Each structure stands twice: as C-alpha cells, then as structure tokens.
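Notes follow the structure.
The values are calculated or read from the model by the stated rules, or taken from the named source; none is laboratory data. Quick caveat: nothing in here was measured; it's all calculated off a predicted structure. Cβ placement follows ideal geometry from the backbone for every residue including glycine, while neighbour counts extend to all protein chains displayed. Quick note on the areas: whole protein, heavy atoms, side chains included, nothing else; ligands and nucleic acids left out. Shrake-Rupley method; radii C 1.70, N 1.55, O 1.52, S 1.80 Å.
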Amino acid sequence: MRDLLSINDLTKDDALEILDTAVQLSALSDSSNRKFPTLRGRTVVNLFFEDSTRTRISFEAAAKRLSADVINFSAKGSSVSKGESLKDTALTLQAMGADAVIIRHGSSGAPAQLARKRWIDGAVINAGDGTHEHPTQALLDAFTIRRHLKKDQGDLAGLKIAVVGDVLHSRVARSNVLLLQKLGATVVLVAPPTLLPVGVEHWGAQVSFAIDDVIAECDAVMMLRVQKERMEDLFFPSEREYARNFGLNAARIAEMKESAIVMHPGPMNRGLEITAEGADSKRSVIVEQVANGVSVRMAVLYLLIGGATSRDLAAQIGDQS
Amino acid sequence: MNSWLIKNARDLQGKDVDLAVANGQIVHVKELHHQYSELDAKGLTLMPGLVDLHTHLREPGREDAETVFTASQAAVAGGYTAISAMPNTLPVADTAGVVEQVYRLGKSHGLCDVFPIGAVTVGQKGEQLAELVAMNQSEARVRIFSDDGYCVADPLVMRRALEYVKLFDGVVAQHAQDPRLTENAQMNEGEVSARLGLKGWPAVAEEAIIARDILLAEHVNSRLHICHLTTAGGVELVRQAKLRGVKVTAEVTPHHLLLTDEMAATYDATYKVNPPLRTESDVQALRRGLADGTIDIVATDHAPHPQEAKDCEWSAAAFGMLGLETAFSICYLAIVKSGLLSLADLWQRMSIAPAKLARYENHGELTVGRTANFVLVDLNKSWKVDAGALKSKSKNTPYDGMELPAVVEKTFHNGVLVYDRENQGREGA
Ligand SMILES: [Zn+2]
C-alpha cells in the first residue's frame, strides 16, 4: 500500500493491521504520552483546501507523536483558484520533499488525482474529498466500535450498525459502508429517500426510511451531520420535520440495546440530527472518537511511511520496555 | 496538381474502382487531359469525405484551445471534408457577422468546408430568438441552429424556434439537458456516481427534454434534431417518434458508442464530457439505434480544451473531448468490427446522411459531376493514438496510447489533396 485514498485500497487484513497497530499505540500513549522516534526526519504535510480544524489537528498530533516534522499548508483563502492550483501546490510540496501529504479537498477525487498523476513522490493520505470518502474517519469509527463491542479483538462480524442521515453527501458514510462491511458488520443506512444516492442498492447495505424500525436491533448508531443548506435544495421540508423523523432523541435512545453506542463524526448540529440528551448520554462515545482518531492516524502514518509493520512495533515496544 | 487519376482503389462495396478528378470535380476518366497525377491506391478504400455536424472550433475567443485552422487540419486528418462550427464561441455566433467570419476563415484555409451553426437565441441565453433569417441569408448560409452547450429549456422559446426555421427549411439541433435536474452535475447518475461521490447527471434530464421537443415538433410539424443522444431511453423516444412520422433526427458521438461511466473511476478529467458517458447498456442501445437507423448520424462533438482545463480536479475541469481525428477508427471498431453494420452503412451515417440532413450539397456523394470530396482509407492497418502528435491544438483525447483500426491515408477537398499521411500534411494549394 502506497497511498490511502479509499477504503478500497485496503484488504481486510490491512484494515485489521491498522486497527491492531492503533491499539498498541493508544496503550502506549495513554500510559506515557511520550513521543515515538519512528518518523524522525520525515516531513508530513497537512494540505487542507477546506477548513477542518479537528481533522487537521488530529493528523498533526498523530504525526508529531511519531516525531515527524509537520507543515500545515492551508490552501483555502490564499490565491488558489480553480484549475492548475492543485498541480502547482503539489509541485511546491514535492520541492519541499514531503514524505506524506495529507489532503483535504472539496472535490471528490482530488487525492486520487494527486496520487495518480504522481506530481509528488510521497504517500497521499485522503483526509476527506468532496462527497467521496474519508477513510481515516471510518478507521477510527471501526476502532471505536471494536473497542466497545469486541474488546479490541478481531473483526466486527455479528454487529449491526446504523448510519443515519445525509448519506448522499457524506464521505464518512461512503468510507464506513465499505469498511464496516469489509470487517463483517451489517450496515443499515437510514435516511429520507432524497438523501440516499441513486445507485445505493449496489452498496450491499440495508436501507431503511424509518429509524424507529431499526434502532432496537443495532449495536451502534452513527449519526451524520446534516447541513442546514440542504433544506434549500429541497432535500427535506424543514428542520423540525427532519429532526422528528431522523433525529436521535431520548425516546429513541431508550429503545437501544443495553450495550449499544451512539456515534457522530462531528461537528454536531445539536437539535437537528441529535438532541443534547443524545449527544451527552452515557452511550455516547463521541468524545472518545476524537481521541481514537489520533491513534488510528498514527497507525496509518506508521504503516504507510514508517516502512514498518505492526510486528515491528511490537518488537520496538519490547525493546524499550 | 488538381487533376488526378486514382487507380486500383476499392469502393465501399469492395469493388475495384478508378476515380478521375479535374477542376475540383469528379469526371469521366476519358475527360482527363494530359496533365494529371496518377495515384496507385492499391489496398485502399475510397469513400466520400466524412461530414461532421457537431464541431467546436473555439475561434473566435478561445484560440488557445483550437482555431479554425487547427480544427480543419484535425478534420482532414480524420477524413472529414466538412465540419460544422458550433456557435458557443466568444462572441457567440448569433449574428450574420460572426457566422460569416467563421465561414470565411474556413474558406481562407481551404482544407475543408467549415459550415457555421448559428445560435438559436441571443447570446445562447435561451430568452430571445437570434436573427435566424439573417444568418441563413448570409454568405455562411446557416441551415442548422443550436444553443449547444446549453439547452433551449424554455418550452415556448423552443416552440417558436421550431416554427420559425420552417421559413427557410432550417433545423433546430437541441442539446437536451434539463438545467434544473443537472445543476452542477458531473457524471452519469448511477452506481458509479454513487460510489465516486460525484454529482449525478440523470438520464431523465436528457429524456424529458427529448420527449417534450418531439411533442413540440410534432405539434408544429417542424424539423428537430437531437444532438449527442446518450441514453437507451432517448433512443426509444426517437424510435417511437419516427414510427409516428415526426420529423426528428438524432446523432450519437463516437465516444458514447465506446466508453462508459466506469472511466470516471480514475477521476481523470479527460473522461469528463457533456452529456456524460453512460452505462454499458446505454452504449449497446446506442449502437443498436445507429444500426437500425433510429439514430441517423454520427457527430463528433469535438471539444478541444487546453491542458490546464483538464489537468485539475474533476469538478473544476471542463467538459468535452477531442473527436475529429479518431472518430472513424472508433466507429469502425465499435460498429463495423462488432458486426453491427457494414462499412458502407457506417459511411452512410458519417457522410451521406449528415450531408443530406444539413443540406451540404457538395458532400456525401461520388458521382461524375459532383465535387471531389473524398478520402482513401487503409482498413487493414492500425495506428497508435499519440495525443501529442494530433493535429488539434489541444490534446484532450480519451484514446491516448490506444491501438485503433483503420488509417486515413489521404483526404481530398475540392479535388485538392489536403491531407497525406505519408507527407503528414498539406499538398497543393
Ligand atoms: Zn452539446
């Protein structure tokens, strides 16, 4: 694996290796909060064409804990225009000798293009592209689910996970459908028909228009952010109607299995897709998702540009302890 | 060098044929006088020059992408002796002045005939009819009108245009695309767009306009031409309309006969085109439609773009791909090699039928007394597409590196050898 552009780039074993590595790294971080020397002398660039403070900070923290040098390149608001900008920016980064470029872009496929055209030699990591994919988010979601429901072990077979909300525009949903199914889980997409893509029947996931029909049987409920502008594009009539039919509220949480968890990739629209009771309930692992994101991204960087495997890490840990 | 005796060629039926040319016309062999060049065309097939009714020449306004001259060079290299300049230039070809400018440019270069297509509405804004009669009566004698690139979406404007062109036996060529259903659309809506997260351009956005326009043309008894048909549903609408006797014709591009929306999975914007590449079943329906005559002609929708318009993220890239230099080979591959049509039938749809549809009197036929617009093709050879070696000023071909059958060897326009593959260019004057 040279780049991480899509969950499709990963085999099931690759994905499990990332999760296992993240487990080890998180255990070490929790205990000592120390830095690992793995990426000393390496340069990691955060190339963000779109604002996303939380994702950028998460990658930055991950890279720094592995001792990499981090360059933050925010292309938004600078003189970047359409067209050549992506190419020119890439060539600039190439000149700086980036070992990995973490790219967030508003256009689906921009990271794939960066990698395919080989404007840069370094690894390309997709940190969210348009309405396409967000693979590290899916990995951290899978990590979180596995931690709570599988004790950090093995795959996700036997679990049923609901992904609720604006599936049509969600890169988080696309990556999660691919990854969770790859890991053996059953995925059910819950959304109004307007917010499901034409062609969703090829995804292999179940589809439901009623959250109340599925919530009692799910092991995890992943709420997607719904942008208020979607209302103007006629995807749903009003915020109230959306919240009533698809929002996660106290009554729905009460229907959930004893062990089931509530997830959200953030940032949340409290009162729209999730109520305060939902976000702050004891089932909510939303804050934990953020911490897990750093471990998972460390694992991705470690395996992608550290030139190492999870076994090497085990050995390394053995040496140091 | 304007008198020729072409010997030992084969015609479209595979029969041996000699062809004599003098003063730009086809003549009886015995009418040839002492000074003529003899050309041994053994192994080559001789056919009327191809006629394209859908070409973007970009001049005036975007000479960085293509000019009338470079498009003419590309045309004759592809075996075309007539091309039709779409009006979406800067300024828009919506007046007699602009269409005459383009027509004269084509004439001055003298490689092939360049027939301008006029805009239906002022500035292609879809609001007010352009002066269609003035364009028709200009030196350019515009016979086809289109707002191509944009759909004439307002039903009343479309109705009036269809009625108005009856004044001079004109035809309205519709780029069928409902604008509301395709806002910011990037590719065919379906399995692939769902996977790639690119905004969908649904087949229904094309078919709804085709259906409406067929009904309008039927109501006012006018000629309607559907540009670049891409969907199985659109083929069926045209088929049913023809059965009812509606005066509707339709075209298909070479790329829609070969490529599918799966190509978008590379996110390589070379494959970004409007209307978009569709599914395999659409491709098959288009091929059958062309074979059974539902689709009358092949048109290239040759759409040059400078490299920077394609070397970028998909959603920022321009729509369109080159077509002139590869059209015949692609159609030969998709239609003749696949056994759907004979060579003669394909040629009918790429030369005779478009010439007739557009009333280009000097094209599509090779009988004594006609203008000598013809090509010599080697059907037994193949060639490897090299984007960098194309005559077009732009390089946005989706076939770069592909090995294609059928090689255009020589193209004659008005009896002049305007393209000779051996000498890579123009001979005579
Ligand atoms: Zn068009």
Q: Could you look at the range A:70-196 and say what percent of its accessible area is carbon and sulfur, using a 1.4 Å probe and all protein chains?
A: 50
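Sorted by mean Cβ packing within 10 Å, highest first, what order do the peptides B:16-28, B:193-205 take? Write down the numbers at each step before the final one.
Working: B:16-28: 17.0, B:193-205: 22.5.
Highest-to-lowest ranking by the protection proxy: B:193-205, B:16-28.
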(Q) Students often forget the sequence filter, so: which aspartates and glutamates lie under 14 Å Cα-Cα from B:K247 once same-chain residues fewer than 8 apart are removed? (A) B:E163, B:D169, B:D213, B:E218, B:D296
Q) Using alpha carbons only, how many degrees (0 to 90, rounded to 10) separate the axis of helix B:280-292 from the longest principal axis of chain B? A) 50
Q.
Nearest 10 degrees is fine. How inclined is helix B:203-220 to the longest principal axis of chain B, computing both from alpha carbons?
A. 80
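Return the average number of partner chain Cβ atoms within 10 angstrom of each residue Cβ along peptide B:185-196. Working shown, then result.
On the way: counts 0, 4, 1, 2, 3, 4, 7, 2, 5, 12, 12, 10.
Counting other chains' Cβ atoms within 10 Å and averaging over B:185-196 gives 5.
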**Q.** Helical contribution to [θ] at 222 nm, DSSP H n ≥ 4, -39,500 (n - 2.57), averaged over the protein assembly as shown, rounded to 500
**A.** -9500 deg cm²/dmol
**Q.** Exercise: per-residue mean of other protein chain Cβ atoms within 10 Å, A:196-202
**A.** 5
(Q) If I model the range A:1-151 as equal point scatterers sitting on the Cα atoms and use the Debye formula, what is log10 I(q)/I(0) at q = 0.11, 0.17 Å⁻¹? (A) -0.43, -1.03
Q.
I'd like the FRET efficiency for B:S342 and B:A389, computed as 1/(1 + (r/R0)^6) with the beta carbon distance as r and R0 of 30 Å, rounded to 0.05.
A. 0.45
Q) Ordering B:L181, B:L257, B:L167 by how much accessible area each has at a 1.4 Å probe, largest first, what is the list? A) B:L167, B:L181, B:L257
Q | Calculated log₁₀ intensity ratio I(q)/I(0) where the Debye formula runs over C-alpha points of the protein assembly as shown, q = 0.05 Å⁻¹ | A | -0.32
Q: Mind pulling the angle between the C-alpha long axis of helix B:232-244 and the longest principal axis of chain B? Nearest 10 degrees, somewhere in 0 to 90.
A: 80
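How high is the relative contact order of chain A, in percent, with contacts defined as C-alpha pairs under 8 Å that are six or more residues apart?
On the way: 590 pairs, mean separation 62.8, N = 321.
Averaging sequence separation for qualifying contacts and normalising by length gives 20 percent for chain A.
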Q) Just the accessible area per residue of the range B:251-322, please: how many Å² with a 1.4 Å probe? A) 24
Q. Can you list the aspartates and glutamates whose alpha carbon is less than 16 Å from that of B:K337, not counting same-chain residues fewer than 8 positions off?
A. B:D345, B:D378, B:E403
Q | Reachable aspartates and glutamates, given that their alpha-carbon falls under 14 Å from the alpha-carbon of A:K35 and they are not under 8 places away in the same chain | A | A:E60, A:D69
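Write down the accessible area per residue of the range A:104-153 in Å², having rolled a 1.4 Å probe over the full set of protein chains.
That works out to 25 Å² for each residue.
Does chain A come out rounded, prolate or oblate by the C-alpha gyration tensor, with a ≥ b ≥ c the root eigenvalues, rounded set by a/c under 1.5 and, if not, prolate when a/b is larger than b/c and oblate if not?
Details: a/c = 1.94, a/b = 1.30, b/c = 1.49.
Judged from the Cα gyration tensor, chain A comes out oblate (a/c at least 1.5, b/c at or above a/b).
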Q.
Among B:L229, B:P202, B:G245, which residue has its Cα furthest toward the positive end of the charge dipole of the range B:132-256, with +1 on Lys/Arg Cβ and -1 on Asp/Glu Cβ?
A. B:G245
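For chain B, with all protein chains present and a 1.4 Å probe, just round the carbon and sulfur fraction of the accessible area to a whole percent.
Numbers: 7620 of 15500 Å².
Carbon and sulfur atoms account for 49 percent of the accessible area of chain B.
Given Cα pairs under 8 Å that are at least 6 residues apart, what percent is the relative contact order of the range B:48-358?
On the way: 681 pairs, mean separation 51.9, N = 311.
This gives 17 percent for the range B:48-358.
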Q) So for chain B, what percent of the C-alpha to C-alpha distances run longer than 26 Å? A) 52
Q) Which number gives the lysine pairs in the range A:135-288 that have C-alpha atoms under 17 Å apart and are eight or more places apart or on different chains? A) 7
Q) Residues of the range B:313-341 with accessible area at least 20 Å² lower in the all-protein-chain context than alone (1.4 Å probe)? A) B:E313, B:S315, B:A316
Q. By how many nm would the segment from A:D13 to A:K282 grow when fully extended, if each residue of separation counts as 0.36 nm and the alpha-carbon distance is taken off?
A. 93.6 nm
Q) So for the pair B:E403, B:R421, with labels modelled 7 Å out along Cα→Cβ, what separation do we get in nm? A) 1.5
Q. At 10 °C and 1.306 mPa s, what whole-number value in µm²/s does Stokes-Einstein give for the translational diffusion of the range A:135-288, with Rh from the Kirkwood sum over Cα pairs?
A. 104
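Need one number for the range B:207-295: average projected area of the convex hull over its C-alpha atoms, nm².
Numbers: hull surface 21.9 nm².
Answer in nm², one decimal: 5.5.
Sort A:147-158, B:261-272 by the packing proxy (mean of other Cβ within 10 Å over each peptide's residues), most packed first. Each step should come with its number before you reach the end.
Values: A:147-158: 15.2, B:261-272: 21.7.
Packing proxy ranking, top to bottom: B:261-272, A:147-158.
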**Q.** Delta accessible area of at least 10 Å² on complex formation, residues of the range A:121-136, 1.4 Å probe, chain isolated as reference
**A.** A:T131, A:H132
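Only bridges whose two residues both fall in the range A:124-238 count here: according to DSSP, what percent of them are antiparallel, nearest 5? Don't jump to the answer; show the numbers that get you there.
Details: 1 of 13 bridges.
Looking only at bridges with both residues in the range A:124-238, the antiparallel portion is about 10 percent.
Using a probe radius of 1.4 Å on protein heavy atoms only, what is the accessible area buried between chains A and B, both sides summed, to the nearest 100 Å²? Present the calculation step by step, with values, prior to reporting the outcome.
Numbers: alone 13640 and 16410 Å², together 28260 Å².
Accessible area lost upon association: around 1800 Å².
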Q) DSSP beta bridges in chain A, what fraction antiparallel, as a percent rounded to 5? A) 5
